[in-house]
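So the structure is just underneath, and the comments pick up after that.
The values are calculated or read from the model by the stated rules, or taken from the named source; none is laboratory data. These numbers were taken from a predicted model, which means no experiment stands behind them. All Cβ positions, even for glycine, are placed from backbone atoms using ideal geometry, and neighbour counts span all protein chains on display. Side chains are part of the model used for accessible areas, which takes the heavy atoms of the whole protein and leaves out ligands, DNA and RNA. Shrake-Rupley method; radii C 1.70, N 1.55, O 1.52, S 1.80 Å.
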Amino acid sequence: MTRVFSGVKPSGALHLGNYLGAFRQWVADQQEFDCYFCVVDLHSLTVEQDPSQLRQATIETAIGFLSAGIEPDQCTLFVQSHVHEHPELAWLVECTVSFGELSRMTQFKDKAKAKGGESVRAGLFTYPALMAADILLYDTDRVPVGDDQRQHLEITRDVAIRFNNRYGETFVVPEATVPRLAARVMDLQHPENKMSKSDESPQGTIDMTDTPEQIVQKVRRAVTDTDGEVRYDPELKPGLANLLELMAAVTGRSVDEVASGYEQYGPLKADLAEALVEALRPVRERYARYAADPGEIAALLGQGAEKAASVASKTLARAKDAMGLLPRG
Ligand code: ATP
Ligand code: LTN
């Protein structure tokens, strides 16, 4: 059966970009495929985290998966640091990937610039090796992610192909699946930046659990432009293009169809706000339900880790053996 793996960092409140870019694909995939969904807490450590907030965010991110519509009895849900095979395989990957390859990762370059040069953590640099390990451990065929993760998937494929050539068939070579629409939801206040958990832009970010009032207000205040013409042009009119794409993504229509239905920004914003409120309503309701029972979540994550480890340990053993590490007697 086709295997699916994906992960989200517990680095802050989940938002509309996570929902449309990642979770909606996960929910569709869970019907058909054998899915592993992971709260990738080790990835969060690449930048400063407050320990108690990280613990809290880990639980909240797992609740976010379920609120988005992930069915715990259809998928395996777990926390990355509960399965020690992840950092262990990451080391083997680090020893097959080059400094040059890692240096070319745009996410590293952007974040390193933002966080200040030399003091950037080494883990932020080697992060794609851990991400490759996450994916390869589960013999993953498909990785549903947003557009920003394409480059990390490319390096994962390169790692797998090179490893198989050098050490013999060991890993399945995975593919990224990126949604056709809303694969890169932009910040509503800074439409040149992607909507993100860890950037401080509360008015530009629609959280998955925002109230209808908050959604309406944020969409109404979304930055557009002054020429007033409704037309899809991501280069010249990035704010408006983002709103049109969001509308298309939540209604299932094409961007052109949406654009031709409006002559002014106001009515588009009003309809988009209403559509988003409806799309996120069940998410917010489920969130409240699951958040009321954190014990249930902890138990679920415990079972998930056990199942994940049973798959991951076999792949890790195969990789260690292929590289010539002596099995323990
Ligand atoms: P951070 O700001 O901490 O880097 P993030 O908001 O980018 O976090 P991630 O945990 O890195 O979120 O991403 C989880 C998933 O959501 C990934 O598949 C990613 O591609 C997707 N995603 C994140 N932001 C967006 C966005 N703005 N539009 C579409 N998909 C997104
Ligand atoms: N790098 C991803 C999060 C991530 C991931 C993964 C996604 C870590 N490991 C494995 C898919 C598969 C991010 O920053 N969004």
From (1) within 8 Å of ligand 1 (Cβ to nearest atom); (2) part of a helix (DSSP H, G or I); (3) not hydrophobic (A, V, I, L, M, F, W, C), pick out the condition that doesn't hold for E60. (1)
State all residues of the stretch 74-97 that are polar (S, T, N, Q) and either modelled with pLDDT under 95 or open to solvent by 50 Å² or more (accessible area, probe 1.4 Å) (or both); if no residue qualifies, say none. Q74, S81
Given the conditions (1) within 14 Å of ligand 2 (Cβ to nearest atom); (2) open to solvent by 10 Å² or more (accessible area, probe 1.4 Å); (3) touching a strand residue (DSSP E or B) at 6+ places or on another chain (Cβ under 8 Å); (4) touching a residue at least 60 places away in the same chain (Cβ under 8 Å), report the number of the one that C38 does not fulfil. (2)
Given the criteria in contact (Cβ under 8 Å) with a residue 60 or more places away in the chain and within 30 Å of T315 (Cβ to Cβ), does P212 qualify? no
Among all residue pairs at least 6 apart or on different chains, which show Cβ distances below 9 Å where the first residue, located in the stretch 237-255, is free of Cβ contacts under 8 Å to residues at least 12 places away in the same chain and the second is crowded, with 24+ Cβ neighbours inside 10 Å and part of a helix (DSSP H, G or I)? R253/M247
What number goes with the only condition from (1) more than 16 Å from ligand 1 (Cβ to nearest atom); (2) under 23 Å from A112 (Cβ atoms); (3) of a type outside the set (D, E) that H82 does not pass? (2)
Residue ID - surrounded by the most Cβ atoms within 10 Å (Cβ to Cβ), chosen from residues in the stretch 168-211 that are within 16 Å of ligand 2 (Cβ to nearest atom) and polar (S, T, N, Q): T205
Filter the stretch 13-28 down to the residues that are touching a residue at least 40 places away in the same chain (Cβ under 8 Å), more than 12 Å from ligand 2 (Cβ to nearest atom), open to solvent by 10 Å² or more (accessible area, probe 1.4 Å) and assigned to a helix (DSSP H, G or I) and list them by number. Y19, R24, V27
Would you mind stating whether A298 is in a helix (DSSP H, G or I), surrounded by fewer than 14 Cβ atoms within 10 Å (Cβ to Cβ), among the hydrophobic types (A, V, I, L, M, F, W, C) and without any contact (Cβ under 8 Å) to a residue 40 or more places away in the chain? no
Which condition number in (1) within 9 Å of ligand 1 (Cβ to nearest atom); (2) touching a helix residue (DSSP H, G or I) at 6+ places or on another chain (Cβ under 8 Å); (3) in a helix (DSSP H, G or I) is the one that G7 fails? (3)
Looking at the stretch 127-138, can you tell me whether even one residue there is of a type outside the set (V, I, T), farther than 22 Å from F171 by Cα and more than 14 Å from ligand 1 (Cβ to nearest atom)? no
Answer with yes or no whether D110 is on the phi < 0 side of the Ramachandran plot and modelled with pLDDT under 95. yes
Considering only the stretch 29-53, how many residues are more than 9 Å from ligand 1 (Cβ to nearest atom) and assigned to a helix (DSSP H, G or I)? 9
Hits in the stretch 139-155 (condition: assigned to a helix (DSSP H, G or I) and away from ligand 1 (no atom under 13 Å from the Cβ)): E154, I155
When S44 is run through (1) open to solvent by less than 10 Å² (accessible area, probe 1.4 Å); (2) under 14 Å from P128 (Cβ atoms); (3) hydroxyl-bearing (S, T, Y), the failure sits at (2)
Being open to solvent by 30 Å² or more (accessible area, probe 1.4 Å), touching a residue at least 12 places away in the same chain (Cβ under 8 Å) and over 21 Å from D110 (Cβ atoms) is the filter here; which residues of the stretch 122-167 pass it? D139, D141, R142, R157, I161, R162, R166, Y167
Just a yes or no: is a residue in the stretch 42-63 closer than 23 Å to K320 by Cβ and not charged (D, E, K, R)? yes
